[in-house]
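Have a look at the structure below before the remarks.
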Amino acid sequence: MAHPVTLIPGDGIGPELAEATRRVLDASGAGFEWEVVDAGEAVIDRYGTPLPEHVLESIRRNRVAIKGPITTPVGEGFRSVNVTLRQALGLYANVRPARSMKGLETRYEDVDLVIVRENTEDLYAGIEHMVGPDAAESIKIITRAASERIARYAFEYAVANGRRKVTAVHKANIMKLSDGLFLDSCRTVAAAFEGRVDFEDRIVDNMCMQLVQKPELYDVIVLPNLYGDIVSDLAAGLVGGLGVAPGANIGTEAAVFEAVHGSAPKYAGQNKANPTALMLSGVLMLRHLGETAAAERVEDAIRGVIAEGRAITYDLGGRAGTSDMTDAVIERLVAARPRNEAGAGAASLTAS
Ligand code: NAD
């Protein structure tokens, strides 16, 4: 049976990467019924908002979505669609794996980290105001409920994926109440997993230095929203950059899969951007849907293309366009597909 999935192409390089990813997922052997809905800059004139209600309704109905990046104006204009989407759908866990890939020139060869970022509160709660003309205040919200929920997610993820350790990251030496509460919540949850998963904590500045020097010491890393945002880009840099860093936003009602990177407007429409990060987000989506064999085939095909190094994009040191790299992944995928699955994976497309 085909999986109904909401597809949001997004802004900037989003549409070309979304198209590349849809083609690869259609060739994966799993079947999809795509519901294409638009959000972001392009729809503001039509709907008066970058995130129309029917987009949220589509995700709530299908319970699974994959989205391209969406532009957020800096310092003015509408609130981030990404943050609004995560809050509106209760997508509380942002999971961002960072794993080395053969063929990529990086400082380390064996990085295998999973960043678990709290996705609904902290300084991203959006409570910000001017205090007179020359001072501004942003309020950092940390609750025990959200902190324990994300810590539990990190530990359960560790158990389910055979991981040995969870590291909680904070700045509780300075923000004794807010980050102190986050750390305390992580410790409470860790106690319930004692003997099964190791636990330690690190102050965020020290963590950044340690990750740059000794990434092999770390495994699953759980962080409040802002540190998670920053440290996941650092982790992406360890394994080849934003072009290869996938992500998943997981909630109890829905899951939205997206790359760590943004809309890179300067490369929009040039068939230049690396589709790997969104394709690997598609791999996370296949796993979430229980399509494990298809997920492995797509991941192997992407890794094969990168290891071979013939059809890779500029950011990985190659000259291939987005579509050439996509064709190369599909070629491998089709060759790897079991015979009895030929003809499966037919996709239908609905647009609204
Ligand atoms: P960005 O990730 O869009 O781009 C930073 C740089 O990384 C690019 O200039 C490019 O050199 C490189 N890059 C990123 N993705 C790439 C890819 N797939 N292939 C090759 N190179 C790639 O970050 P930014 O410039 O800070 O943000 C641009 C816009 O994206 C902003 O409006 C920001 O708010 C938005 N954004 C959206 C999301 C999201 O939708 N989840 C995430 C981050 C940023």
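Fully extended, how many nm does the chain gain between Q210 and D300 (0.36 nm per residue separation, minus their Cα-Cα distance)? Working shown, then result.
On the way: separation 90, 0.36 × 90 = 32.40 nm, distance 3.00 nm.
Net length gain for the segment: 29.4 nm.
Explain nothing, just the number: dipole magnitude of segment 107-239 about its Cα centre with +1 on each Lys and Arg Cβ and -1 on each Asp and Glu Cβ, in debye rounded to the nearest 20. Walk me through the numbers on the way to the answer.
On the way: 15 positive and 22 negative charges, 73 e Å.
Around 360 debye, computed over segment 107-239.
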Restricting to lysines 8 or more places apart or on different chains, can you count the pairs in the chain with Cα atoms under 29 Å from each other? 15
log10 I(q)/I(0), Debye, Cα-only segment 192-336, no solvent, q = 0.10, 0.13, 0.20 Å⁻¹? -0.42, -0.70, -1.31
Roughly speaking, what is the centre-to-centre gap between segment 272-333 and segment 117-163 when only Cα atoms are used, to the nearest Å? 32 Å
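Among the trypsin sites (Lys or Arg not before Pro) within segment 129-230, which fall in a DSSP loop and have no more than 12 other Cβ atoms within 10 Å of their own Cβ? Write out the running numbers ahead of the final one.
Working: sites: K140, R144, R149, R152, R163, R164, K165, K171, K176, R187, R196, R202; in loops: K140, R163, R164, K171, K176, R196.
When the trypsin sites (Lys or Arg not before Pro) of segment 129-230 are filtered for loop state and at most 12 Cβ neighbours within 10 Å, R164, K176, R196 remain.
Applying 1/(1 + (r/R0)^6) with R0 = 35 Å to the Cβ-Cβ distance of E53 and A136, what FRET efficiency is obtained, to the nearest 0.05? Can you show the working numbers first?
Working: r = 30 Å, r/R0 = 0.87.
The pair E53/A136 has a calculated efficiency of 0.70.
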How much FRET efficiency would the formula 1/(1 + (r/R0)^6) give for R319 and D112, where r is the Cβ-Cβ distance and R0 is 25 Å, rounded to 0.05? 0.30
Note: probe point = Cα of R79 + 7 Å toward Cβ; backbone nitrogen < 18 Å; residues of segment 45-60 passing the test are 48-57
Simple Cβ-charge dipole of the chain, Lys/Arg +1 and Asp/Glu -1, about Cα centre, in debye nearest 20: 600 debye
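Working from the alpha-carbon coordinates of segment 107-239, get Rg over Rh, Rh being the Kirkwood radius.
Values: Rg = 15.4 Å, Rh = 15.3 Å.
Expressed as Rg/Rh, it is 1.01.
Would you please put 320-326, 289-295 in order of how densely packed they are, using the mean number of other Cβ atoms within 10 angstrom per residue and starting with the highest?
Numbers: 320-326: 20.7, 289-295: 17.4.
Going from most to least packed, we get 320-326, 289-295.
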For segment 139-182, give the magnitude of the charge dipole about the Cα centre (Cβ charges: +1 Lys/Arg, -1 Asp/Glu; no others), in debye to the nearest 20. 80 debye
Within segment 80-123, what residues put their amide N at less than 19 Å from the label point 7 Å along the Cα-to-Cβ vector of R164? 98-100, 109-115
Furthest towards positive pole of dipole, V116, T143, M130, structure part segment 107-155, Cβ charges: T143
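So how do 214-227, 68-81, 262-275 stack up, highest first, on mean other-Cβ count within 10 Å? Display every interim value, and only then the final one.
On the way: 214-227: 21.4, 68-81: 16.5, 262-275: 18.6.
Ranking, from highest mean packing down: 214-227, 262-275, 68-81.
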Using +1 at the C-beta of Lys and Arg and -1 at the C-beta of Asp and Glu, which of S185, P224, A273 has the Cα lying farthest in the positive direction of the dipole of the chain? S185
Restricting to Cα pairs under 8 Å and 6 or more apart, the percent relative contact order of the chain works out to 26 percent
Where N is the number of residues in the chain, Cα Rg divided by 2.2 N^0.38 Å: 0.98
Which of M130, M175, M207 has the fewest other C-beta atoms within 10 Å, and how do the rest follow up to the most? M130, M175, M207
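Computed from the coordinates by the stated procedures, all read-outs in this text should not be read as laboratory data. Owing to the predicted nature of the structure, the values given are computational and were not obtained by experimental measurement. Glycine also receives a Cβ, built like all others from the backbone with ideal geometry; neighbour counts cover every protein chain displayed.
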